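The values are calculated or read from the model by the stated rules, or taken from the named source; none is laboratory data. All of these numbers come straight from a predicted model, not from anything done at the bench. All Cβ positions, glycine included, derive from the backbone under ideal geometry; neighbour counts span all protein chains shown. Side chains included, ligands, DNA and RNA excluded: accessible areas come from the protein's heavy atoms. Shrake-Rupley method; radii C 1.70, N 1.55, O 1.52, S 1.80 Å.
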Amino acid sequence: MTDRSKTLPNLIKKTNPMLWGTLGYLFLFIFRPFEYWTWLGEYRIERVYMICLLTALLFWRGKRYVHHPITSVFIVFFLVICFSNFIAYHPPAAIRQTEEYFKLMVLFFVIILTVRDENDFRVFIIGFIAIMGIYIGKSLWEFLVHGRHVYRMGIRRLVGIDQTYSDPNTFAASVVYSLPFAWALWKTDISKWLRRGLLGYGLMSLTAIVFTGSRSGMVTLVLFLTLAWAAGRARLSHKILGIVGVAIFLAVGWQIVPDEYKLRYLTMVDDSINESATESAEGRIEGLKNGLRLFELSPLFGWGAGNFPYAVERIGVYNRMQSHNLYGQLAADLGLLGIGAFCAVCWVLYRTSRKIQGVAEKLGKAADGGGALIPAAAGACMTTVLLLLFQGNFGHNLYRYTWLVIGAVLVLSERLIVKQLAEESRLRFNAYRLIFFTRFRKPVFVGDAAARVGDWVREICASRAAAVFRLGISGDRLGMVVFVPKRMSIDELARLIRAETTKKMFSEFKNLKDELFGKDLWEKVSAEPLPNEVVGKLIVQGLSRKRPPLSGENNVAHRVIDLPPSLPAAPPSRLR
């Protein structure tokens, strides 16, 4: 049965108004109407729209910013691009590239500020696919109806309606990069209207890739299908049936593909069909070689962002062409500084995706389960990164908007999955920060005493189905973050810990009884409830630490919400 809360009217009704402004800004980057209708370009509508959107965002009270490592690495990469302006071989090209990337950075921040909840997140993903559908559909319309094309490699080739990403290979890459997100929606949304739309989108995308005559686009599409098949959790028999079905579909489709495009794709296995196709493939290798030669001349800082077509003059090449290779472009443009920043971007994207998948598993929401869009979108981001890195062997996609969209989706995914995790834990437990101060502030917790009291506290909490999540001991105080079952009050647990630890400490460390005049070990106890955001972050931090469970900690609390074992002792300042 279809969930009525996820029907199109309800999704639109619940969406905050600022998100529509964000989708409009994304539309400008994908469809690029100011490049299709050139008269719009004279008014710089993208700049005007950006200023208006930022102004509205400034006064919008619903925005919320949470810093993330992905944000940090993108800022670092942008600063590397900015720095390249000062050492650029051709400064105007570097300035243009910096300006374009600044607009992308604005897009990144606008996305993470305006998507507030799961409903907004779903609308954003659907909106992205819808915008791509308009872009692909309009390009196909112009090709099939008005004959808009480029004649290259002996065939008519479909191009995008814009200028920046209109090249057949670049356009085909744009189409393929969107497919993982369409697949994520397909797996996690059961509404008929969306399924039909996604089916139409898939067929339109395949048609567009065929008519581009892009061999790199077709190979990247095959890679995506392979990754999607391998990552699926269906039975092996179902996977085999899927392969058979795809093979039959492709066999039938191959019969209706025009002969000129058949010959184009056959050049991937037979070089003798078209010599120009072989030269095109060799050009990608030459772009990498030229990039490495430029890197040898300026290894530290490179030649400046967007400067590859100009810097190749230094090695005797004057064709003013891009490298058509991500790695040659990166090495030549930004040098070791840029390579380090780019590797950091890829690593943080990967780590964030893995963390989201881990939290989703703890919540029992598999990426291919119904309604689990967040982990599915995180998986789509990682798939797209792999496609970008693979297709980078055949194209220069270093400054593409796709990287920033992936980063924004991952930032939002982690924020929302942490929120879900905190809410899940709140249904069964209350989270508190407890701090115990010793009588007379005596620094009794040194050496064995500190280790023993920590063990006792864990045992006491375990006996009451409470989970010690973080424990810090220092001199005259003991601090802890503890998850307490709903049926138990924090006062009850605190009294129990106070009485039991006093009894055990006085029994094992008899000198303490004299120093404290035979009274209570503790003088003061402070209890503070933790907000949902803090709870979610603590749990995620714990899930990322792979440690075997400590003895005596396999209690009811751990089994119910599958919390990780107690974390290592933390400084008291972190528990206040």
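Observations on the model:
- Answer residue from the range 465-480, given it is open to solvent by less than 10 Å² (accessible area, probe 1.4 Å) and assigned to a strand (DSSP E or B) and is nearest to residue 433 (Cα to Cα) among those: 480
- Going through (1) open to solvent by 10 Å² or more (accessible area, probe 1.4 Å); (2) assigned to a helix (DSSP H, G or I) one by one, residue 413 falls short only on (1).
- For the range 100-140, residues that are open to solvent by 20 Å² or more (accessible area, probe 1.4 Å) and assigned to a helix (DSSP H, G or I) total 11.
- All positions within the range 505-531 that are surrounded by 15 or more Cβ atoms within 10 Å (Cβ to Cβ) and in a helix (DSSP H, G or I): 505, 506, 512, 513
- Restricting the range 13-31 to residues that are of a type in the set (S, T, N, Q) and not in a helix (DSSP H, G or I) leaves a set whose member that is surrounded by the fewest Cβ atoms within 10 Å (Cβ to Cβ) is 16.
- Answer residue from the range 42-65, given it is in a loop (DSSP other than H, G, I, E, B) and open to solvent by 40 Å² or more (accessible area, probe 1.4 Å) and is nearest to residue 29 (Cα to Cα) among those: 44
- Some residue of the range 314-336 being outside any helix (DSSP H, G or I), small (Gly, Ala, Ser) and surrounded by 15 or more Cβ atoms within 10 Å (Cβ to Cβ): yes
- Condition met for residue 298 (over 32 Å from the mean Cα position of the chain (by Cα) and crowded, with 17+ Cβ neighbours inside 10 Å): yes
- Filtered residues of the range 160-195 (kept if free of Cβ contacts under 8 Å to residues at least 40 places away in the same chain and aromatic (Phe, Trp, Tyr)): 186
- Condition broken by residue 79, with the remaining ones in (1) at pLDDT below 95; (2) open to solvent by 60 Å² or more (accessible area, probe 1.4 Å); (3) within 30 Å of residue 336 (Cα to Cα) satisfied: (1)
- Verdict on residue 307 being surrounded by 19 or more Cβ atoms within 10 Å (Cβ to Cβ) and under 13 Å from residue 89 (Cβ atoms): yes
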